[in-house]
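A.B. asks: Got a structure here, written out as structure tokens. Questions coming.
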């Protein structure tokens with residue numbers, strides 16, 4: 001199973017790389033203003049937030065739902081091509097794209113943790129980081145028109161669909177380990193400060209995921225250098241994924257606090273030195289902590305905290321990448337439209353709030369080692 005999961009991560013995050021690095025710039029090139037870009041990129045995360053609540057009403061993230069999500073992701077990616085220059089059609093296909101993504105990754109994450117374990121997880125997950133960096137370095141050489149970028153988006157979606165389907169077919173022959181309905185209990189309220197921290201952490205990424213390419217190029221940094229900045233952050237992420245195993249045997253809550261605080265520092269560096277390339281590279285080093293180590297610590301904690309594992313992962317992606325991504329994208333669009341210098345200051349404030357929420361949760365609970 002591990003080779004299929006590694007290949008899936010490679011192409012899935014290559015797809016994400018095209019979507020978050022290049023599509024905002026493509027939309028800017030075809031005439032969208034920052035607020036419109038913020039709305040488009042806020043739509044899919046909002047749907048991602050809503051989806052998990054359906055599963056509290058009897059829906060199940062099983063193989064059938066997983067295959068339907070793969071098809072939706074692939075078909076909606078294809079819809080980007082005809083919809084690119086039309087706001088409402090583009091908004092619609094982006095929402096459908098977000099629904100597909102919202103269902104696919106939680107299923108794969110639990111499959112990965114169950115089949116390879118949390119200590120080997122990082123060494124498989126790093127293939128996603130390799131895919132992210134590889135597509136960015138290739139696409140920047142061929143991005144002659146916006147439609148070339150959309151072509152790459154569609155190609156990555158179709159290959160992701162193929163490897164996702166192969167994993168799903170293999171899962172048909174293994175017993176599901178998700179708890180039965182009578183044994184599952186899931187509540188956000190029982191660990192509310194933890195979930196607030198997850199939400200604020202992703203809010204802080206709104207300026208980065210949606211406007212970093214536009215922000216740096218607007219401050220005189222070339223697109224080629226910006227792509228290398230993205231790539232350098234992913235290299236730091238890959239190194240962390242490879243070596244993080246021993247760290248995940250420690251205090252997971254403390255790791256969440258530390259990574260959130262380092263993320264606040266990262267966004268302050270970007271805000272204070274928007275055109276200083278060495279400082280931007282320094283900020284990207286911190287991606288090892290603010291994404292790689294944070295993400296692994298968060299999903300490992302939830303994996304052990306809740307018996308409803310797939311549901312907890314869905315809510316993690318829904319509340320953090322979903323609601324947090326929605327608020328972060330929309331807020332970043334408003335900030336960059338009206339107060340551009342405060343774009344990454346807002347991100348730093350949100351990350352500091354996340355660190356505070358994790359600290360409060362740690363004070364009110366036991367020391368959790370997984």
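A.B. asks: Test of understanding: among 116, 124, 154, 196, which residue is crowded, with 16+ Cβ neighbours inside 10 Å, within 13 Å of residue 8 (Cβ to Cβ), in contact with a helix residue (DSSP H, G or I) (Cβ under 8 Å, 6 or more places away or on another chain) and at pLDDT 90 or above?
C.D. replies: 124
A.B. asks: Identify all residues within segment 50-101 that are in a loop (DSSP other than H, G, I, E, B), touching a residue at least 12 places away in the same chain (Cβ under 8 Å) and surrounded by 13 or more Cβ atoms within 10 Å (Cβ to Cβ); write none if there are none.
C.D. replies: Let us first name the residues in segment 50-101 that are in a loop (DSSP other than H, G, I, E, B), namely 56-62, 84-86.
Now drop any that are not touching a residue at least 12 places away in the same chain (Cβ under 8 Å), which leaves 56, 61-62, 84-85.
Selection gives 61, 62, 84, 85.
A.B. asks: Let me ask another. Can you tell me which residues in segment 1-46 are more than 27 Å from residue 235 (Cβ to Cβ) and not in a helix (DSSP H, G or I)?
C.D. replies: Result: 30, 31, 32, 33.
A.B. asks: Wholly within segment 273-370, which helices (runs of 4 or more DSSP H) include no fewer than the required count, namely at least 3 residues that are under 21 Å from residue 105 (Cα atoms), at pLDDT 90 or above and in contact with a helix residue (DSSP H, G or I) (Cβ under 7 Å, 6 or more places away or on another chain)?
C.D. replies: Once the helices (runs of 4 or more DSSP H) in segment 273-370 are filtered for at least 3 residues that are under 21 Å from residue 105 (Cα atoms), at pLDDT 90 or above and in contact with a helix residue (DSSP H, G or I) (Cβ under 7 Å, 6 or more places away or on another chain), what remains is 294-305.
A.B. asks: Here's something else I'd like to know. Just to verify a result, which residue in segment 131-151, among those that are more than 17 Å from residue 29 (Cα to Cα) and under 20 Å from the mean Cα position of the chain (by Cα), is surrounded by the fewest Cβ atoms within 10 Å (Cβ to Cβ)?
C.D. replies: Of everything passing the filter in segment 131-151, 137 is surrounded by the fewest Cβ atoms within 10 Å (Cβ to Cβ).
A.B. asks: On to the next question. Looking only at segment 224-272, count how many residues are surrounded by 21 or more Cβ atoms within 10 Å (Cβ to Cβ) and either in contact with a strand residue (DSSP E or B) (Cβ under 8 Å, 6 or more places away or on another chain) or not in a helix (DSSP H, G or I) (or both).
C.D. replies: Qualifying residue count, segment 224-272: 2.
A.B. asks: Further question on the same structure: Identify the single condition in (1) within 21 Å of the chain's Cα centre (by Cα); (2) surrounded by fewer than 16 Cβ atoms within 10 Å (Cβ to Cβ); (3) without any contact (Cβ under 8 Å) to a residue 60 or more places away in the chain that residue 40 does not satisfy, given that it satisfies every other one.
C.D. replies: Of (1) within 21 Å of the chain's Cα centre (by Cα); (2) surrounded by fewer than 16 Cβ atoms within 10 Å (Cβ to Cβ); (3) without any contact (Cβ under 8 Å) to a residue 60 or more places away in the chain, only one is false for residue 40: (2).
A.B. asks: Only residues that are more than 18 Å from residue 234 (Cα to Cα) and under 22 Å from the mean Cα position of the chain (by Cα): list them for segment 270-291, please.
C.D. replies: Selection gives 271 alone.
A.B. asks: Answer yes or no: is there a residue in segment 18-31 that is surrounded by fewer than 16 Cβ atoms within 10 Å (Cβ to Cβ), touching a residue at least 12 places away in the same chain (Cβ under 8 Å) and closer than 18 Å to residue 209 by Cα.
C.D. replies: yes
The values are calculated or read from the model by the stated rules, or taken from the named source; none is laboratory data. Being a predicted model, the structure only gives us computed values, none of them experimental. No Cβ is skipped: glycine too gets one built from the backbone with ideal geometry, and neighbour counts run over all protein chains shown.
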